[in-house]
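Worksheet: the structure to be examined is printed underneath.
The values are calculated or read from the model by the stated rules, or taken from the named source; none is laboratory data. Note that the structure is predicted; figures quoted are calculated from it, not measured. Glycine also receives a Cβ, built like all others from the backbone with ideal geometry; neighbour counts cover every protein chain displayed. Note: areas computed on protein heavy atoms with side chains; ligands, DNA, RNA excluded. Shrake-Rupley method; radii C 1.70, N 1.55, O 1.52, S 1.80 Å.
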Amino acid sequence: MTCKARILVYLFSGKVEQRPTFARLGLENVLAAILRYFSGAMGWKLTTFFVVVAVAIAVLFSGVLETPPEPLEFQDNYWGRGAKPSPDTKEDEKVYGIIVNVSDSAIADLKNRLLSTRFFEALEDVQFQYGFHRDYMIDLVNYWKTQYDWRKQEAYLNTFLHYKTKIEGIDVHFIRVKPKLKPGQTAKPLLLVHGWPGSVFEFYKMIPMLVDPTSHGGSEDDVFEVIAPSIPGYGFSEVPHKKGFDQIAAGQMFLKLMERLGFEKFYVQGGDWGALITRSMALLKPSVIKGLHMNMPTVKFSAVYGFYLMLGSVAPSLAGLKEEDYDKVYPASRQLFFTLQESGYYHLQASKPDTVGFALNDSPVGLAAYILEKFSTWTNPANRDLADGGLEKYYTKDDMLTSVMIYWLTGTITSSMRFYKEEFAGKAMETNRMQVTVPTGIASFPHELGHNPEAFCRLFHPNLVHYTLMPDGGHFAAKEKPALLAEDIRTFVKKVESLKSKDE
């Protein structure tokens, strides 16, 4: 490396040996490439300019990415009602089976509410640009009242075995699906974690592809045993009764769940909140996480990220961007405008979730509009220009309504929205800046809410062994494109197992 590049590296990161994070980011190579790019008669003038800029950025860079020398510490949490039991009181660790079975009175109450729905007048010449369209909602409600059969959907939900167990004072629900193994065959344990506004139901089409791979294009070596918990406050898990339940708390709880089920090491996968929860699990106890797979990687804005973002706008190759990355990331104003258009829910839920909770918990139609509008736009933003939001291109009415019914019948829409509030209230935001060191795989779907290129993801996941630009699909990948996601999970796990074999 040239003398000029070494000067810049020192200014950017101090003594490299004292800041291994920046060595892993490859800034030496980036800066050397910049100098080669601007070599010539003006080389030293440009070097002087970069030195000035580097001094400013070096200040910003201090401490922006952290790799904890030790895993995050487990907290002594209690989310149950009332006072925390004394240390001498041992928690009941029994795991017991349950059946999804809703009372007739709950169904009767729902039908009465649907019959008394008060619709508003729709605007002319609009589709889903203003939100869920009234005319399609009238059609959906008519189906809900006259054709939708909850008991049939309930039976479908019960095709997988459901369980509950008490962890940190509340009942945690999960489904566990074991494969039929041949003599000598073993299954890889895989924890699947959903997001908002989802539930374990979104995995129902993909789970058979994972536990019975030979019937779905895989091999006998691809077989998994699947555990899919409901995030506390979502669906069939109990609601946390204390404030502060965030992605770190959920990650700790799911680590305890897997230990209770007897798994010493396992794979984890998630999208949306599921990605952040499984990421937290890898930070809390990396020794038990064989691999982390995500279909919505979240990278937090920082000085390092900002530097790469600015660099990529003028010199994409220097920032590690591919042509398809550039078209999805720039101009940044386009992504900013989309975020402003589609993130109103986030600000509401991150500030006063209980306020809107009164309305959504009281009106099944209001709840359906709030949830299914996300199913429309987050599956593909172009759906905003369709009269039915494009929903039935991807999902059946039964699929959509069952997703809504899980929130309605359990009364958990308000508690699920509190997760956004807790992210800002606690330490969760701090961990989003930390680097995860376990083997990581990412499936990047083209219609996801935002695109994070491989180079940017590697800043936060230096052990990124697998990254796929998926051919189609959006935010609800497991529900919309189960075969694509299942195949990417298989491919990722094969890479991790292969690397492990080489190391041994």
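Can you tell me which residues in the range 445-504 are of a type in the set (Val, Ile, Thr) and not in a strand (DSSP E or B)?
Within the range 445-504, Ile489, Thr491, Val493, Val496 qualify.
Output the residue which, of all residues in the range 371-398 that are among the small types (Gly, Ala, Ser) and surrounded by fewer than 18 Cβ atoms within 10 Å (Cβ to Cβ), is farthest from the chain's Cα centre (by Cα).
Out of the qualifying residues, it is Ala387.
Would a scan of the range 429-440 turn up a residue that is under 30 Å from Val100 (Cβ atoms) and either touching a His at 6+ places or on another chain (Cβ under 9 Å) or not aromatic (Phe, Trp, Tyr) (or both)? Break it down stepwise before answering.
If we filter the range 429-440 for residues that are under 30 Å from Val100 (Cβ atoms), which is where we start, we get none.
No: the range 429-440 contains no residue that is under 30 Å from Val100 (Cβ atoms) and either touching a His at 6+ places or on another chain (Cβ under 9 Å) or not aromatic (Phe, Trp, Tyr) (or both).
Identify the residue in the range 320-344 that is of a type outside the set (D, E, K, R) and outside any helix (DSSP H, G or I) and, among all such residues, is surrounded by the most Cβ atoms within 10 Å (Cβ to Cβ). Talk me through it step by step, then tell me what you get.
Within the range 320-344, the first condition is being of a type outside the set (D, E, K, R), and the residues that meet it are 320-321, 326, 329-333, 335-341, 343-344.
With the extra rule that they be outside any helix (DSSP H, G or I), the set shrinks to 320-321, 330-331, 343.
Details: Gly320: 19, Leu321: 24, Tyr330: 15, Pro331: 9, Ser343: 12.
Out of the qualifying residues, it is Leu321.
Would you please name the residue that is farthest from Thr410 (Cα to Cα), looking only at residues in the range 338-347 that are of a type outside the set (D, E, K, R) and in contact (Cβ under 8 Å) with a residue 12 or more places away in the chain?
Per the criteria, the residue is Phe338.
Looking only at the range 412-460, filter to residues that are within 14 Å of the chain's Cα centre (by Cα) and among the acidic types (Asp, Glu); which one of those is nearest to Leu485 (Cα to Cα)?
Glu448
Can you say whether Phe424 is at pLDDT below 95 and in a helix (DSSP H, G or I), as far as the supplied structure shows?
When the stated conditions are applied, Phe424 passes them.
Out of all the residues in the range 443-468, which are more than 22 Å from Leu340 (Cα to Cα), among the aliphatic types (A, V, I, L, M) and touching a Phe, Trp or Tyr at 6+ places or on another chain (Cβ under 9 Å)?
Ala443, Ala455, Leu459, Val465
Can you run down the residue pairs with Cβ atoms below 8 Å, 6 or more apart or on separate chains, where the first is in the range 101-130 and closer than 25 Å to Glu342 by Cβ and the partner is among the hydroxyl-bearing types (Ser, Thr, Tyr) and open to solvent by 40 Å² or more (accessible area, probe 1.4 Å)?
So the pair list comes out as Leu123/Tyr130.
With Leu499, Leu409 as the choices, which residue is surrounded by fewer than 24 Cβ atoms within 10 Å (Cβ to Cβ) and modelled with pLDDT of 95 or more? Even if it seems obvious, please write down each step before you answer.
Working: Leu499 fails: modelled with pLDDT of 95 or more.
Going through Leu499, Leu409 in turn, just one is surrounded by fewer than 24 Cβ atoms within 10 Å (Cβ to Cβ) and modelled with pLDDT of 95 or more: Leu409.
Pairs needed: first member in the range 350-370, open to solvent by less than 50 Å² (accessible area, probe 1.4 Å); second member anywhere, not in a helix (DSSP H, G or I); C-beta distance under 6 Å; at least 6 residues apart or different chains.
From residues that are open to solvent by less than 50 Å² (accessible area, probe 1.4 Å), the pairs are Val365/Thr117; Ala369/Phe132.
Restricting the search to the range 431-459, which residues are of a type outside the set (Val, Ile, Thr), in contact with a strand residue (DSSP E or B) (Cβ under 8 Å, 6 or more places away or on another chain) and either open to solvent by 10 Å² or more (accessible area, probe 1.4 Å) or closer than 26 Å to Gln349 by Cβ (or both)?
Listed by number, the residues that qualify are Arg433, Met434, Pro439, Ala443, Ser444, Pro446, His451, Asn452, Glu454, Cys457, Arg458.
Assess whether Gly195 counts as being within 15 Å of the chain's Cα centre (by Cα) and in a loop (DSSP other than H, G, I, E, B).
Working: within 15 Å of the chain's Cα centre (by Cα): yes; in a loop (DSSP other than H, G, I, E, B): yes.
Yes: the conditions hold for Gly195.
Could you check the range 412-437 and list, in sequence order, the residues that are among the aliphatic types (A, V, I, L, M) and touching a Ser or Thr at 6+ places or on another chain (Cβ under 9 Å)?
Within the range 412-437, Ala428, Met434, Val436 meet the criteria.
Restricting to the range 340-370, and then to whatever is of a type in the set (Gly, Ala, Ser) and within 18 Å of the chain's Cα centre (by Cα), can you tell me which residue is nearest to His133 (Cα to Cα)?
Ser343
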